[in-house]
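Worksheet: one structure, shown below.
Bear in mind these aren't lab numbers, they're just calculated from the coordinates by the rules spelled out. Here the structure is a predicted model, which means the values were calculated and not measured. Please note: Cβ atoms are built from the backbone with ideal geometry, for glycine as well, and neighbour counts cover all protein chains shown.
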Amino acid sequence: MPQIAAVAPQDRHFIALLNGFRSSGGLQRLSTLQATRRDAWRTVVVEALPARVADRSVLAITWNHEAWVPNFQFDGHGAIKQPAAAVFLELTPSYDPWELATWFVTPSTWLQRVRPIDLLEMAPPRMLEAARADRYVANGG
């Protein structure tokens, strides 16, 4: 009987994030994003993406030795949407990239079990209030 390899916890987490971000544009490899958006976005925006990932002004997770980027955070010109940037500023000091990505797709008790990502366009102030509350809790109150 063939052996089925155990699925590592990080692989399960990645699959959960793939599913969680699907309704908001999904996740894609940073290298694919750079290649496919070169015509739609200014070259300087595309070339700056790795540095922006490094300074955490762009959300990316590393899985299987590649950076993966949630598409929800970008507008049509490659700029970070302001509500997403505000949450990044709020939570980046307390959350690692995986925790931050998970935060966006996990129903929040502060938001009556709505996922923060679902409020990005409709109610950004509520989403930011939830981020502030979670930062407060993460830092020990």
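Remarks
- With the biggest extent put first, the Cα atoms of region 89-131 measure 25, 17, 16 Å across the principal axes.
- Alpha-carbon Rg with Dmax, taken over region 20-84, Å: 11.0, 30
- Ascending count of other beta-carbon atoms within 10 Å, so fewest first, for Val114, Val69, Val137: Val137, Val114, Val69
- Stokes-Einstein D (µm²/s) once Rh is taken as the Kirkwood radius of the chain over alpha-carbon pairs, at 20 °C in 1.002 mPa s: 135
- Rounded FRET efficiency, nearest 0.05, which uses the C-beta distance separating Gln28 from Asp75 and R0 of 25 Å: 0.95
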